[in-house]
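Right, one structure below, let's go through it.
The values are calculated or read from the model by the stated rules, or taken from the named source; none is laboratory data. From a predicted model like this one, the values you see are computed outputs, not experimental measurements. Just the protein is used for accessible areas: all its heavy atoms, side chains included, with ligands, DNA and RNA removed. Shrake-Rupley method; radii C 1.70, N 1.55, O 1.52, S 1.80 Å.
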Amino acid sequence: METRLLEVLVCPLCKGPLRHDREQQELVCKADKLAFPVVDGIPTMLINEARQLDAQEPASN
């Protein structure tokens with residue numbers, strides 16, 4: 001995923017920054033503890049498609 005795209009994208013819920021988790025192919029919102037999938041290099045920025053992060057799962061690296 002391009003760095004320029006990551007600089008522009010924000011969480012659709014809180015408008016906060018996202019972190020790209022390359023291993024899981026997700027964009028992670030630390031504030032809302034949501035992970036948005038990236039499929040074939042295209043982020044799916046729909047709240048109902050996001051995965052809720054578990055309490056023991058780190059929201060940041």
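Before I look further, what does the chain give for accessible area per residue, probe 1.4 Å, in whole square angstrom?
Working: 4230 Å² over 61 residues.
Value returned for the chain: 69 Å² of accessible area per residue.
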Worksheet item: What is the gain in length, in nm to one decimal, between Ala55 and Lys15 on full extension, counting 0.36 nm per residue of separation less the C-alpha to C-alpha distance?
Response: 12.2 nm
Fill in: Solvent-accessible surface ranking, highest first, for Cys14, Cys29 at 1.4 angstrom
Cys14, Cys29
Response to the item:
Ignoring ligands and nucleic acids, Arg51 exposes an accessible area, probe 1.4 Å, in Å² to the nearest 10, of 80
Practice prompt. Leaving ligands, DNA and RNA out of it, rank Asp54, Asp21 by accessible area with a 1.4 Å probe, largest first.
Written response: Asp54, Asp21
Response to the item:
With all protein chains in place and a 1.4 Å probe, Glu26 shows an accessible area in Å² (nearest 10) of 20
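Return the Rg/Rh ratio of the range 1-47 with Cα-based radii and a Kirkwood Rh.
Working: Rg = 9.4 Å, Rh = 10.5 Å.
For the range 1-47, the value is 0.90.
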